[in-house]
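Since the structure comes first, as structure tokens, the remarks are kept for the end.
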Amino acid sequence: MVKFNIGDKVEVVSNDFEEHEPYHYLDVGTLVEVIDVDRTEVRVIDRSSRHHLVQWVLPRHIRRAGEP
């Protein structure tokens, strides 16, 4: 599993979210910031959105900004 740290800038790289997952609205290419990490999920904030959306995502849905 890829390790992310609080404060990391990451990019949403997949929007293959399951129907029951509540964060399906994050678009591929959205830059977000990591604000919390637990064993299986990463909590991110989209500061570019009007309401500063906060969501838990899976590591497979994001990568560090600027990485291939």
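The values are calculated or read from the model by the stated rules, or taken from the named source; none is laboratory data. No experiment lies behind these values; they were computed from the predicted model shown. Heads up, the Cβs are rebuilt from the backbone with ideal geometry, glycines too, and the neighbour counts pull from every protein chain shown.
So here's what we get for this one:
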item: Of all residues making up segment 25-68, the number that are under 17 Å from I6 (Cα atoms), under 10 Å from the mean Cα position of the chain (by Cα), in a loop (DSSP other than H, G, I, E, B) and aliphatic (A, V, I, L, M); result: 1
item: Complete set of residues in segment 7-37 that are modelled with pLDDT of 90 or more and of a type in the set (D, E, K, R); result: D8, K9, E11, E33, D36
item: Search result, residues across segment 42-61 that are surrounded by 17 or more Cβ atoms within 10 Å (Cβ to Cβ) and touching a Leu at 6+ places or on another chain (Cβ under 9 Å); result: V42, V44, D46, Q55, V57, H61
